[in-house]
Each structure stands twice: as C-alpha cells, then as structure tokens.
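Readers should treat all values here as calculations from the given coordinates under stated rules, not as data from a laboratory. Bear in mind the structure is a predicted one, so any value in this text is a computation, not a measurement. For neighbour counting, all protein chains shown are included, and Cβ atoms are generated from backbone atoms with ideal geometry for every residue, glycine included.
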Amino acid sequence: MAQQTWNLKTCIEYGLKNHRSNAVYANQKRIADAQAKEALADYLPKISLNGTVDDNLKVQQTVIPGGIFGPDDIRVAFTKKFNTNGVAQLDQTLYDQSLINGLKANKYNVEQAGLSQQQNDEAIIYNISTAYYQIMVYREQLALLKINRETYQKQIDISALKVKKGVALQKDLDKVTVDLNNAESQMRVAESNLTLSENQLKYEMGYPITDVLTVESMSADKTPAPLAANISQFALNNRTDYRISEINAKLLEIDESRIKAGGLPKLTAYARYGTIGFGDNLSQSFSSMTPYSAVGLKLSFPIFDFFKRSAQYNQAKFKRLNAQENLKLDEGKYQLQYENARTKMLKEQTNVDNNKRNIELARSVFSTTDLQFQKGTTDLTDWLNAQNSLKEAQNNYLNSLYQFYLAKVELEKAGGTLKTFYSAL
C-alpha cells in the first residue's frame, strides 16, 4: 500500500472498510437484532423445572374437632418428616396486547441501527474529504511558495552582484533577503501543516499513522470545475439524521400504545407435570414418589396500578408529541442549512474564479515590473510591491480554493447526498 497513489475515492473506500468506528456500529446492529429476539421470546413458550426436598424438623399437626370421629379433639399430621417434590411447567402467553405492541418496535430498532451505521459512513466520507482537500491546498501553497523563493533567490543573486559592482545599495539586498527569509519561514510552516493534515487524513481513514500514505497530486484539480446550472433540489428524506428522528418518533408512539395496553387482561395457558413423595426418612420420600399433572388457563387483570400506569402513559404521550414537534422544527432547520450551504458554495465558486484571475493579473504585473527593473526603468520598491501583490493574490486564491471544497462537501452533507458524492468520484 505504501507504493499506491491514493485519490479521494480510494481514501474514502479504505476508510469505509477500516475505520474503527465501523465495529461499534456493527455491534449496535447486532444489539438491535438481539433485542428483537428478546422481545419475541416473551411470546414463546417458557419451561421451568423446580425441585424441593423438605426436612420437617417438627411436623405440623392439624386438629380434627371432637364430635366428628369421637367426643375428643384428634391431632393428626397430614405429612411426614421428609417430603420431596419435583415439577416441570410450561407457560404459553396467549394474549398480551402490551407485548404485541412492543413487538412492533423490533423492525424500527433494526432500521435505526442500520441508519446509525449509514450516518457513521457519511461522517467518515465528510471527515476524509475535508482532510484530503486540506492536503491539496497545503501542497498548492508549498508549490507557490517554492516559486516565490526561487524568484527572491534570483533577485538576491542579481542584487548581490550590483552591490559588489557598486551600482546598488546594501539595503536593497537586505530588503530582498528579508522577503526570502519570510518565504522560507512560510514554507516550513506549510510543510508542518501538510504533515499534520496527512496524519489527520490517516486517522480519519483508520490508516496506520506510521505508514506512508502517498496522496495523489492535485494538479488536475487546481481549478474547480464550473458548477452545474441546476443544483439538485433538497429532499428531506435524504437526511439520515431526519430519518433517525422519524424512527425515534415512531418508537415513542409504540411505547405509548404499549403502556396503554398494559391495562388490558393477559391470558396465559400452562401445563404442569410433577411428582411428590413422603417418608419418615429421606430415601423413603424418594422411593414413594407419585406423579401428578394439570393443565389450565390463567387470566390476570391489573386493577390497582391505574395511577402509576396513567402517569407513565402521560409521560410517553408528551415525549411522542415533543418528538413530532421536533420533526417539524428539523424540516425548517435542514432546509435552511441546505440553502445556506448552496449559497456559500456559489459564492466560493465565484471567489475562486476571481482570485484565479487575480493571480494571472498579478503575475502579469510582476513580469512587466521585473522586466522594467532589469532595464533600470523602475526601482526595487516597485518590484517588491508587485511581488507582494502576487503573494497576496496567491493567498486569497488558496483560501478561496479550500473554502470552495469545504463548501462543496458541506452542501453534500446538508443535502444528505454524501454517499452519492462518493459514488460519483
């Protein structure tokens, strides 16, 4: 991979496969699948096994009143010192509206986990794109600074020769030397920034920081392509965060109906099979065991939990209403974000075009001034002013170039089309 040249698409492709956050959101999806199975399990048969061995240290006796079997009360024990009991029971929920409503949430939980993973993919695309474009701008800055340094170096050589011949003052040489030193200082800062931005790109990709990452040259992308006349219209459902909010609102609605259904009766069927034994010693209680079995229905109807359930229902109701109101607020907010991003990108496109032309004009002015200076028809001050104007035009262009690329990615983010942007690279 160290020998590979990486463009923006391959960087994003690598990041989507290797960023550590992918494991987190994959686990979130597995959690949602497990939650769905957990909810379904409440409606599946349940089997329980229970066994007891009692050593009745003092056997309880019951009194049979006199007059039934004789004139005196009779004390009798209906058990023995040891008794054992083993039972297996199967319970099957036949009707529980609260559980039925809860099962409806399974689909939305799984969908929510999938959208969260998609949202993470979009964040990876956005972060990689901004880091990649930052590298491109720093590289362009370095290229321009190198040209400026060469220009100053040539001028220093000429000025030094003039000083030696006595036709120029030392201060003229010093002025050019100061600008050369400034250019070299700017180059060191730009080189440091480039290294930092390369490390940032590696981090956003999930790429080893210590490995070499050779990013594709920007030469083909110096001038951004003109924007299409009609930018695609905003579609609210393209926003993953809006779709997640919609699902949250649906989940709150389900929770509200689940709590309300908690006041309805629950019907359960059961089947029981067991054995029981009694004895004066432990072994006899096991050897004398006899079986028994039963089947039946159980109907439970909550009566005295109305106030608690009513409070829970009201909480769920107002949470659901708030979620629906927030959805309406999000509609306007996301539309505003998109329109602002579109406006900013159009402005930055104009700035890039203007600043690109300004560089050409400043370069033309400097070329003319440089020729005049060589012929002696103008002085060093005019030459330095022309070079400084060229540097300012270059800085403005670099800033507008990065702002344009950033605005472009921001527009894709605001429109919910980052994956489309990635696919079209």
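Over 32 Å apart at the Cα level, from the set Lys37/Lys202; Lys107/Lys298; Lys9/Lys344; Lys9/Lys250, are Lys37/Lys202; Lys9/Lys250.
Less than 5 angstrom separates the built amide H of Val215 from those of Trp6, all sequence-distant by 5 or more or on a different chain. A Cβ-based charge dipole, computed about the Cα centre of the chain with Lys and Arg at +1 and Asp and Glu at -1, lands at about 300 debye.
Among Ile303, Tyr25, Gln335, whose Cα sits farthest toward the positive end of the charge dipole of the chain (+1 at Cβ of Lys/Arg, -1 at Cβ of Asp/Glu, about the Cα centre)? Value: Ile303. Springs between Cα atoms under 10 Å define the GNM used for the chain, and in it the highest mean-square fluctuation of Ser98, Ser283, Ser116 occurs at Ser283.
Of the residues Thr350, Gln119, Phe234, the one whose Cα sits farthest towards the positive end of the charge dipole of the chain is Phe234 (charges of +1 on Lys and Arg Cβ, -1 on Asp and Glu Cβ, taken about the Cα centre). Across the chain, C-alpha contacts under 8 Å between residues 6 or more apart give a mean separation that, scaled by the residue count, equals a relative contact order of 23 percent.
Each residue of region 36-50 was assigned a 3J(HN,Hα) from its phi angle through the Karplus expression (A = 6.51, B = -1.76, C = 1.60, θ = phi - 60°), giving 5, 5, 5, 5, 5, 4, 5, 9, 9, x, 10, 10, 10, 10, 9 Hz with x at Gly and Pro. Only the Cβ atoms of Lys and Arg (+1) and of Asp and Glu (-1) were treated as charged; on that basis the dipole of region 303-423 about its Cα centre amounts to roughly 860 debye. GNM on the chain, alpha-carbon springs under 10 angstrom: the most fluctuating residue among Asp54, Asp382, Asp330 is Asp54. Counting charges near Arg320 (Lys, Arg +1; Asp, Glu -1) among other residues having Cβ under 15 Å from its Cβ returns a value of +2.
Please report the spacing between the Cα centers of region 323-402 and region 10-30 in Å, no decimals. About 37 Å separates the Cα centre of region 323-402 from the one of region 10-30.
Please identify, among Thr343, Thr381, Thr79, the residue showing maximal mean-square fluctuation in a Gaussian network model of the chain using a 10 angstrom Cα cutoff. Result for the chain, Cα springs under 10 Å: Thr79 fluctuates most.
Sorted largest first, the principal axis extents computed over the alpha-carbon atoms of the chain equal 150, 47, 34 Å. Shown is the FRET efficiency for Ile31 and Ser192, computed with R0 = 45 Å from the Cβ-Cβ distance and rounded to the nearest 0.05: 0.60.
Gain on full extension, evaluated as 0.36 nm per residue between Leu49 and Ser185 minus their Cα-Cα distance, stands at 40.9 nm.
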